[in-house]
């Protein structure tokens with residue numbers, strides 16, 4: 001049985017989170033700023049949801065995968081095909097004062113300095129550090145999240161055993177890194193075989209933990225989880241060192257599939273991962289059988305967690321429907337058509353919708369329509385659509401609630 005918070009406890013958490021965000025003050029405000037990476041043009045476009053006609057455009061070297069880090073203070077634009085990473089200050093600054101949070105909003109600004117290196121790809125933020133893996137370089141560059149929001153770019157380079165499509169994350173006094181095989185087919189990167197603790201120079205300080213075909217990583221609570229052929233590998237920092245546990249795929253899961261994308265909740269300990277093309281796996285690393293399968297009616301396009309209504313996750317399938325998943329029951333509670341169909345056949349990077357959250361709205365890029373759609377997370381009605389020039393593709397949202405003094 002997957003061990004989770006009770007529905008009452010989780011509802012209380014959701015209400016508490018909403019109450020904090022909605023505390024009434026004359027000077028309180030809620031603002032969200034959308035950042036869109038175009039599929040074809042080398043640029044990122046930003047606008048505020050309450051004033052979408054005012055826009056900022058930032059030129060890049062190529063198509064960008066976007067990440068929000070440092071408590072929404074910074075947007076990272078990773079351009080894998082163009083060997084570059086740009087950093088954009090979102091314009092949002094939050095200051096926690098215990099009983100309330102102050103919010104300060106300025107225009108977004110791109111940092112003059114960018115990172116260059118061979119094929120940047122996976123980004124991981126943990127313990128105040130941002131790590132970017134350079135797949136063809138055999139290393140990850142690590143930067144301080146807070147310093148980045150202040151405009152300072154200082155890099156610590158962590159060496160890996162071989163260049164490969166992997167990741168590095170901070171882990172107590174060392175690093176955890178994906179590990180590639182010493183053997184590879186000519187013209188191909190070496191296959192990923194596991195996870196291991198290393199020093200900055202790549203020297204190993206722990207035993208290799210087998211994780212065949214390692215792909216996908218996320219943090220939630222005290223755990224890091226990583227997708228593997230054998231199951232999902234969970235790591236936890238204990239008093240006597242790192243505790244590893246392989247969470248096997250349950251016997252009733254479809255054979256021959258695996259998890260390769262993982263999301264971790266920040267508010268309670270649970271993970272959501274893909275499983276094959278038509279499934280999602282709800283994962284709790286604390287109690288067997290560890291996983292529950294959610295079978296989807298069509299192939300999955302994208303999925304996200306709701307940061308406020310903690311029991312909810314949303315997934316868009318290729319028939320154009322958005323589905324609300326209850327993470328406690330594993331049931332699909334509601335489904336509604338929100339876009340035209342997008343087939344999952346074709347190239348993996350063809351323009352397809354991507355999802356983000358802005359308060360009570362699911363924000364969806366609709367590349368073929370040239371629109372950003374705001375979908376009410378409760379009833380799935382469309383509250384607004386915003387026309388975007390070009391082919392809107394990847395998306396992140398910065399913002400939230402606070403008091404402006």
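The values are calculated or read from the model by the stated rules, or taken from the named source; none is laboratory data. This is a predicted model, so every value here is computed, not measured. For neighbour counting, all protein chains shown are included, and Cβ atoms are generated from backbone atoms with ideal geometry for every residue, glycine included.
Among the residues of segment 57-71, is any closer than 24 Å to residue 188 by Cα and surrounded by fewer than 15 Cβ atoms within 10 Å (Cβ to Cβ)? No, segment 57-71 contains no residue that is closer than 24 Å to residue 188 by Cα and surrounded by fewer than 15 Cβ atoms within 10 Å (Cβ to Cβ).
Residue-by-condition table, conditions (1) at pLDDT 95 or above; (2) surrounded by 22 or more Cβ atoms within 10 Å (Cβ to Cβ); (3) part of a strand (DSSP E or B):
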residue: 254; (1), (2), (3): yes, no, no
residue: 259; (1), (2), (3): yes, yes, no
residue: 282; (1), (2), (3): yes, yes, yes
residue: 297; (1), (2), (3): yes, no, no
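Counting the residues of segment 188-228 that are more than 18 Å from residue 122 (Cβ to Cβ), touching a residue at least 12 places away in the same chain (Cβ under 8 Å) and part of a loop (DSSP other than H, G, I, E, B) gives 8.
Table: residues versus (1) touching a helix residue (DSSP H, G or I) at 6+ places or on another chain (Cβ under 8 Å); (2) closer than 17 Å to residue 231 by Cα; (3) crowded, with 19+ Cβ neighbours inside 10 Å; (4) at pLDDT below 95.
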| position | (1), (2), (3), (4) |
| --- | --- |
| 172 | no, no, no, yes |
| 180 | no, no, yes, no |
| 186 | no, no, no, yes |
| 190 | no, no, no, yes |
| 194 | no, yes, yes, no |
| 200 | no, no, no, no |
| 203 | no, no, no, no |
| 210 | no, yes, no, no |
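Residue 243 passes every criterion in (1) in contact with a strand residue (DSSP E or B) (Cβ under 9 Å, 6 or more places away or on another chain); (2) in contact (Cβ under 8 Å) with a residue 12 or more places away in the chain apart from (2).
For segment 74-92, the criterion of a residue being within 21 Å of the chain's Cα centre (by Cα), in a strand (DSSP E or B), modelled with pLDDT under 95 and not assigned by the TED database to the domain that holds residue 373 is satisfied by at least one position. Of everything in segment 95-110, what is surrounded by 15 or more Cβ atoms within 10 Å (Cβ to Cβ) and modelled with pLDDT under 80? Give them in sequence order. Once the filter is applied, which keeps residues that are surrounded by 15 or more Cβ atoms within 10 Å (Cβ to Cβ) and modelled with pLDDT under 80, segment 95-110 yields 100, 101.
Within segment 271-280, if we keep just the residues that are at pLDDT 95 or above and over 19 Å from residue 237 (Cβ atoms), the residue that is surrounded by the fewest Cβ atoms within 10 Å (Cβ to Cβ) turns out to be 277. Checked against the criterion of being part of a strand (DSSP E or B) and modelled with pLDDT of 95 or more, the candidates 335, 343, 401 yield just one match: 335. In the set 234, 163, 258, 197, only one residue is within 22 Å of residue 143 (Cβ to Cβ), touching a strand residue (DSSP E or B) at 6+ places or on another chain (Cβ under 7 Å) and not assigned by the TED database to the domain that holds residue 311; that residue is 197. Considering 316, 310, the condition of being surrounded by 19 or more Cβ atoms within 10 Å (Cβ to Cβ), closer than 30 Å to residue 257 by Cα, out of contact with any strand residue (DSSP E or B) (no Cβ under 8 Å at 6 or more places or on another chain) and not assigned by the TED database to the domain that holds residue 280 is satisfied by 310 alone.
Condition check ((1) over 19 Å from the mean Cα position of the chain (by Cα); (2) touching a residue at least 24 places away in the same chain (Cβ under 8 Å)) across all residues:
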position	(1), (2)
345	yes, no
354	no, yes
363	no, yes
373	yes, yes
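In segment 49-71, of all residues being touching a residue at least 24 places away in the same chain (Cβ under 8 Å), out of contact with any helix residue (DSSP H, G or I) (no Cβ under 9 Å at 6 or more places or on another chain) and outside any loop (DSSP other than H, G, I, E, B), the one that is farthest from residue 86 (Cα to Cα) corresponds to 52.
Does residue 367 satisfy the condition of being surrounded by 21 or more Cβ atoms within 10 Å (Cβ to Cβ) and closer than 22 Å to residue 262 by Cα? If you could, list the steps in order and put the result at the bottom.
Details: surrounded by 21 or more Cβ atoms within 10 Å (Cβ to Cβ): yes; closer than 22 Å to residue 262 by Cα: no.
No: the conditions fail for residue 367.
Given the structure, is residue 145 touching a strand residue (DSSP E or B) at 6+ places or on another chain (Cβ under 7 Å), closer than 22 Å to residue 168 by Cβ, surrounded by fewer than 20 Cβ atoms within 10 Å (Cβ to Cβ) and in contact (Cβ under 8 Å) with a residue 60 or more places away in the chain?
On the way: touching a strand residue (DSSP E or B) at 6+ places or on another chain (Cβ under 7 Å): yes; closer than 22 Å to residue 168 by Cβ: yes; surrounded by fewer than 20 Cβ atoms within 10 Å (Cβ to Cβ): yes; in contact (Cβ under 8 Å) with a residue 60 or more places away in the chain: yes.
Judged against the criteria, residue 145 is a match.
Residues in segment 322-334 that are in contact with a strand residue (DSSP E or B) (Cβ under 6 Å, 6 or more places away or on another chain) and surrounded by fewer than 21 Cβ atoms within 10 Å (Cβ to Cβ): 326, 330, 332, 333, 334. In segment 150-166 there is at least one residue that is within 23 Å of the chain's Cα centre (by Cα), in a strand (DSSP E or B) and within 24 Å of residue 262 (Cα to Cα). Residues in segment 222-251 that are surrounded by fewer than 14 Cβ atoms within 10 Å (Cβ to Cβ) and at pLDDT 95 or above: 243, 251.
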